[in-house]
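Okay, structure first, notes after.
The values are calculated or read from the model by the stated rules, or taken from the named source; none is laboratory data. Everything quoted here is computed from the prediction, not taken from an experiment. Glycine gets a Cβ as well: all are built from the backbone with ideal geometry, and neighbour counts include every protein chain shown.
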């Protein structure tokens, strides 16, 4: 499970989080939509423990070991191969030594990257780096995935494949929190939808039967009101 | 403790592997050491001051500045693809991160010193072989101290502008005690005097190591956490 209660944070006079509260149970996916600078990344960083909020609390069942992070940056070392990167990050997350290579094999196969495992990351295209970053985030089989604009750099086929993978993870009981400024991305995956503006959740509700067009219209209204 | 050491070794191993792949820092530092020794060799009047009187200072000034090049790279390499952010999201203990960087930095500086010492002997014709064991001991003691402090400050400045310059400015004042001790001890060794004459400096180096390795291990997390 994941809880956030009364989160507040500001960078100087810029309010990044303003009384944000929500909770998610296994199998739920929250899609957070908001314009650039709305505080989405700050929220994910607070949930990941990267930023200590100035107010409120956030908690993830299982702590840091249970969190997988996919952000703007891959966190991969360019001069290591894809496999070496995965083994390094798996060791930090406490994946047993005997389990690391088989797990890397499974994850790379799932992301159609088996043939790239021995390539240094610097030699990969932007899309392949993003796929390697996804593989890295999945190595320790996290219970909670925090995704910050995760479709950046993926081509249409890879993005569709990634959506299918996320749906599979949600079906397997993982909690997903997805932040994006693009309403078309990830709506189908979400069980809950939030609109964030100037740090505040101006809308938070189960998605219900709403489709992308309805969500987009509600988002447009929420962003222009007031 | 086992987990702390395991994580520290994972970080150190990764850093060493990255350096082995690129060899940029180590080659630069070794070439720099050779150039400094060459400048000292040709930039002095051998009839004015006896080589043996200048040799300890030259040796330690060379080691110090060459080591700074190696120290600078310690956290710079974590800026690639924001890997540092990934490390901080992971369950990696901050002390393990510091110890891992310390181990890798000690290895780098040891290699630079291993290259620099024979060159020093070659340029200045100082007979070190009969005092090699105690000299290596003094080098090890002094190196541990200044690399411990340098690793801490390297993390402190990595996200600032002009990090390379800033590291030198804030690090050098802290290096005065170990440098003073190392120069005095080395001078006694080169002069064929017993170390018992300067046992106080040996104690100074040992105390500096204990205090700064301990302090840096405790304070390190404040340099990397937001």
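For the stretch B:185-197, the tally of residues that are surrounded by fewer than 18 Cβ atoms within 10 Å (Cβ to Cβ), free of Cβ contacts under 8 Å to residues at least 24 places away in the same chain and assigned to a helix (DSSP H, G or I) stands at 2. Of the residues making up the stretch A:48-61, those that are over 11 Å from the mean Cα position of the chain (by Cα) and either facing another protein chain (nearest Cβ under 10 Å) or not in a loop (DSSP other than H, G, I, E, B) (or both) are A:49, A:50, A:51, A:52, A:55, A:56, A:57, A:58, A:59, A:60.
Restricting the stretch A:66-114 to residues that are surrounded by fewer than 20 Cβ atoms within 10 Å (Cβ to Cβ) and at positive phi leaves a set whose member that is nearest to the other protein chains (Cβ to nearest Cβ) is A:94.
Quick grid of which residues meet (1) within 12 Å of chain A (Cβ to nearest Cβ); (2) within 30 Å of residue B:127 (Cα to Cα); (3) in contact (Cβ under 8 Å) with a residue 24 or more places away in the chain:
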{"site": "B:1", "(1), (2), (3)": "no, no, no"}
{"site": "B:20", "(1), (2), (3)": "yes, no, no"}
{"site": "B:28", "(1), (2), (3)": "no, yes, yes"}
{"site": "B:57", "(1), (2), (3)": "no, yes, yes"}
{"site": "B:75", "(1), (2), (3)": "no, no, yes"}
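Tallying residues that are modelled with pLDDT of 90 or more and surrounded by 20 or more Cβ atoms within 10 Å (Cβ to Cβ) within the stretch B:11-33 yields 5. Could you tell me whether residue A:9 is surrounded by fewer than 24 Cβ atoms within 10 Å (Cβ to Cβ), touching a residue at least 12 places away in the same chain (Cβ under 8 Å) and facing chain B (nearest Cβ under 9 Å)? No: the conditions fail for residue A:9. Hey, does the stretch A:32-46 have a residue that's within 11 Å of chain B (Cβ to nearest Cβ), surrounded by fewer than 19 Cβ atoms within 10 Å (Cβ to Cβ) and more than 16 Å from the chain's Cα centre (by Cα)? The answer is no, given that none of the residues of the stretch A:32-46 is within 11 Å of chain B (Cβ to nearest Cβ), surrounded by fewer than 19 Cβ atoms within 10 Å (Cβ to Cβ) and more than 16 Å from the chain's Cα centre (by Cα).
Please state which one of B:2, B:36 is over 19 Å from residue B:74 (Cβ atoms) and crowded, with 16+ Cβ neighbours inside 10 Å. Steps first, please.
On the way: B:2 fails: crowded, with 16+ Cβ neighbours inside 10 Å.
Exactly one residue qualifies, and that residue is B:36.
Among the residues of the stretch B:102-116, at least one is within 14 Å of chain A (Cβ to nearest Cβ) and buried (at least 17 other Cβ atoms within 10 Å of the Cβ).
On the stretch given as the stretch A:146-202, residues that are within 18 Å of residue A:2 (Cβ to Cβ), at pLDDT 85 or above and not in a helix (DSSP H, G or I) total 18. Within the stretch B:203-221, the set of residues being farther than 14 Å from residue B:151 by Cα and buried (at least 18 other Cβ atoms within 10 Å of the Cβ) comprises B:204, B:205, B:208. Could you tell me whether any residue of the stretch A:128-141 is under 20 Å from the mean Cα position of the chain (by Cα), farther than 25 Å from residue B:12 by Cβ and not in a helix (DSSP H, G or I)? Yes, the conditions are met somewhere in the stretch A:128-141.
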